[in-house]
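Quick one: the structure is below, questions incoming.
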Amino acid sequence: MKKVLIITYYWPPSGGAGVQRWLKFVKYLPQFGWEPIVYTVDNGEYPVIDNSLLDDISKNVTVLKTPIWEPYGFYKKLTGRKKEDKINSGFLSENKNPKFLEELSKWIRGNLFIPDARMFWIKPSVKYLINYLNKNPVDLIITSGPPHSTHLIGLRLKQTIEIPWVADFRDPWSNIDFYQELKLSKWADKKHRDLEKKVLTNSDLVLTIGENLKNELIKLGGKNIQIVENGYDEDDFNEEENINIDNEFTIAHIGSFTPSRNHIALWQSLKELTLENVEFKKQLKIKLIGKVDHSVYNSIRNFSLESHIISLGYMSHNKVIKEQKKSKVLLLMVNNTPNAKGIITGKIFEYIASGRPVLVIGPKDGDLSQIINNTKCGIVCDFNDVSDLKSALMSLFHNKLSFSADASNYTRLNLTEKLSNLLNNVSE
């Protein structure tokens, strides 16, 4: 078997969306002639912990871990957080903090820690891995970002030892939805973009998750760029347990509910429908599963919808899937940011596999909308179209829409085969 070293910050017991992609690839790569070796952190600052994901790691997989120093102790003191508090991604804040301190922390994050706060892991990782690879050769190296510090580890390894290198962009770098919030100086912006271009031009292959992001990376200088989508693992959906669908009209949002996903049109539509339709008001329940920004709860209070909210907090992945299958509707809020057309949230594929109708609020001409249309799993409404959203909600409430979701193209097994073919070409 060929050997591939996979460098990733997110690895179980880390939970959340960032860990799923390579956890599942590692699970299935041996079936296609690749032995994965994982290099990750020993003490990462993970937003959430999900020990259930450890079950997906084969005992035969070599997992290398080294410690990392991260400046989050300073950040927590600056913003008044407790030592045990978790740092959320995408500037999600469950509690309202003084605006000045939040803005200062963003400036520090963007201008002093380039490309990100994991930059202090780069140098010791390069030293450790050069020593390891000299004794344990591999055929290929893969780096998965964000954090994009992992790509700089790959870049330095590529420059030091001649070995094929694949850079996987799960999310954009300079075009990520919160990039403008980093308050970058001209120097810092140039530094970010220069490093990004070095990664794109020096790697032998760049992977990404959708057409829009592929085109963006080409414009930034990338050459050999291929799409390998995210997906769902059939093993997670093969349980024989019978799950009854909720009696009430439950709308479930699963995952991080950040400020850029807090679309006022949703709350306005729900409020108007509760005033116009007694039965809708009686049956409506909105399940919030995952981390929720304080601004979302502010919106819920502003529209007097508190009695319809069920806050379940973060749940392990296996429990989340059961909640998906139970809910009447699965809600997906695309970030209302300049790169919205290219955003494909990882949860969409598990939404589709759950067999429940999906309601998306986002651009109708985006990559995610294309997936919805191709799989026939739901309906898409624009960010601010209250009328269209109300119509969609009532159609879902009265079960007037027919869906025939087909997610077969997005099984983790099929996607790993697609990945392995690309790796074979690079390693030849």
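What is the distance, in nm, between label points placed 7 Å from the Cα along the Cα-to-Cβ direction at Trp107 and at Leu422?
A separation of 3.9 nm, rounded to one decimal place.
What FRET efficiency comes out for Tyr132 versus Lys319 if R0 is 35 angstrom and r is the Cβ-Cβ distance? Round to the nearest 0.05.
Efficiency computed from Cβ-Cβ geometry: 0.45.
While we're on this one: Apply the Karplus curve 6.51 cos²θ - 1.76 cosθ + 1.60, θ = phi - 60°, to the phi angles in the stretch 224-231 and return the couplings in whole Hz, x for Gly and Pro.
Values per residue, Gly and Pro as x: 8, 10, 10, 9, 10, 5, 7, x Hz.
Calculate, in nm to one decimal, what Trp187 and Glu35 gain on full extension: separation in residues at 0.36 nm each, minus their alpha carbon distance.
Working it through step by step, the gained length comes to 50.6 nm.
Taking 0.36 nm per residue of sequence separation and subtracting the Cα-Cα distance, how much length would be gained by fully extending the chain between Asp194 and Glu211, in nm to one decimal?
Here the segment from Asp194 to Glu211 would lengthen by 3.8 nm.
OK, next. Distance cut-off 22 Å, Cα to Cα: go down the list Lys3/Lys198; Lys271/Lys326; Lys325/Lys376 and report the pairs above it.
Numbers: Lys3/Lys198 25 Å; Lys271/Lys326 24 Å; Lys325/Lys376 17 Å.
In this structure, Lys3/Lys198; Lys271/Lys326 exceed 22 Å between Cα atoms.
Under unit Cβ charges (Lys, Arg +1; Asp, Glu -1), what dipole magnitude, rounded to 20 debye, does the stretch 234-408 have relative to its Cα centre?
460 debye
Karplus couplings for the stretch 296-309 from phi (6.51 cos²θ - 1.76 cosθ + 1.60, θ = phi - 60°), rounded to Hz, Gly and Pro as x?
Result, rounded to whole Hz: 5, 5, 4, 5, 4, 5, 4, 9, 6, 10, 4, 5, 9, 9.
To the nearest 500 deg cm²/dmol, what mean residue ellipticity at 222 nm is calculated for the chain from DSSP H runs of n ≥ 4 alone, each contributing -39,500 (n - 2.57), summed and divided by the residues?
One gets -12000 deg cm²/dmol as the mean residue ellipticity at 222 nm.
In a shell of Cβ-Cβ distance under 13 Å around Glu35, excluding Glu35 itself, what net charge do Lys and Arg (+1) and Asp and Glu (-1) give?
Value of the local net charge: +2.
Here is a further query. For helix 99-112, what angle does its Cα long axis make with the longest principal axis of the chain, in degrees from 0 to 90 and rounded to 10?
Roughly 30 degrees between the two axes.
If we count every other residue with Cβ under 9 angstrom of Phe403's Cβ, Lys/Arg +1 and Asp/Glu -1, where does the sum land? Write down the numbers at each step before the final one.
Values: positive: Arg356, Lys376; negative: none.
That sum, taken over residues with Cβ under 9 Å, equals +2.
A follow-up question, please. Which of the pairs Lys191/Lys214; Lys183/Lys364; Lys24/Lys341 have their Cα atoms more than 28 Å apart in this structure?
Lys183/Lys364
Here's another thing I want to ask about it. Taking the Cβ of Leu133 as the centre, find all other residues whose Cβ is under 13 Å away and add up their charges (Lys, Arg: +1; Asp, Glu: -1).
+3
Amide H of Ile286 versus every other amide H placed in the peptide plane: which residues, excluding those fewer than 5 positions away on the same chain, fall under 5 Å?
Residues meeting the amide H criterion: Ile251, Ile309, Ile310.
While we're looking at this one, here's another question. Mind checking the angle between helix 264-276 and the chain's longest principal axis? C-alpha axes, 0 to 90 degrees, to the nearest 10.
Helix 264-276 and the main axis of the chain meet at about 20 degrees.
So, one more: Given DSSP loops and a limit of at most 10 other Cβ atoms within 10 Å, what is the longest stretch of the chain that contains no such trypsin sites (Lys or Arg not before Pro)?
Details: sites that count: Lys59, Lys82, Lys83, Lys400.
In the chain, the maximal stretch lacking such sites is 84-399.
Which cross-chain or sequence-distant (5 or more) residues have an amide H under 5 Å from the amide H of Val292, H modelled 1.01 Å from N in plane?
Result for Val292 returns Phe257.
Same structure, new question: Would you kindly state how much longer the chain becomes between Val386 and Ser58 on full extension, computed as 0.36 nm times their sequence separation minus their alpha carbon distance, in nm to one decimal?
113.3 nm
Residue-wise, which Karplus ³J(HN,Hα) couplings in Hz belong to the stretch 409-419, taking 6.51 cos²θ - 1.76 cosθ + 1.60, θ = phi - 60°, and x for glycine or proline?
Using θ = phi - 60°, the values come out as 6, 10, 6, 4, 5, 5, 5, 5, 4, 4, 4 Hz.
Rounded to the nearest 0.05, what FRET efficiency do Asn373 and Asn242 give with R0 = 51 Å and r taken as the Cβ-Cβ distance? Could you check?
0.95
Can you list the residues, at least 5 places off or on another chain, whose amide H is less than 5 Å from the amide H of Tyr39, using H built in the peptide plane?
So Tyr39 has HN proximity to Ile6, Ile7, Thr8, Leu64.
Can I ask one more? Specify the angular offset, from 0 to 90 degrees and rounded to the nearest 10, of the alpha carbon long axis of helix 149-160 from the longest principal axis of the alpha carbons in the chain.
For helix 149-160, the angle is close to 20 degrees.
Could you line up Ile142, Ile254 from fewest to most neighbouring Cβ atoms inside 10 Å? Present the calculation step by step, with values, prior to reporting the outcome.
Working: Ile142 28, Ile254 24.
In order of increasing Cβ crowding within 10 Å: Ile254, Ile142.
Rule-based calculations on the coordinates, nothing more; no lab input. It should be emphasised that the depicted structure is a prediction, and the values quoted were computed from it without experimental measurement. Glycine also receives a Cβ, built like all others from the backbone with ideal geometry; neighbour counts cover every protein chain displayed.
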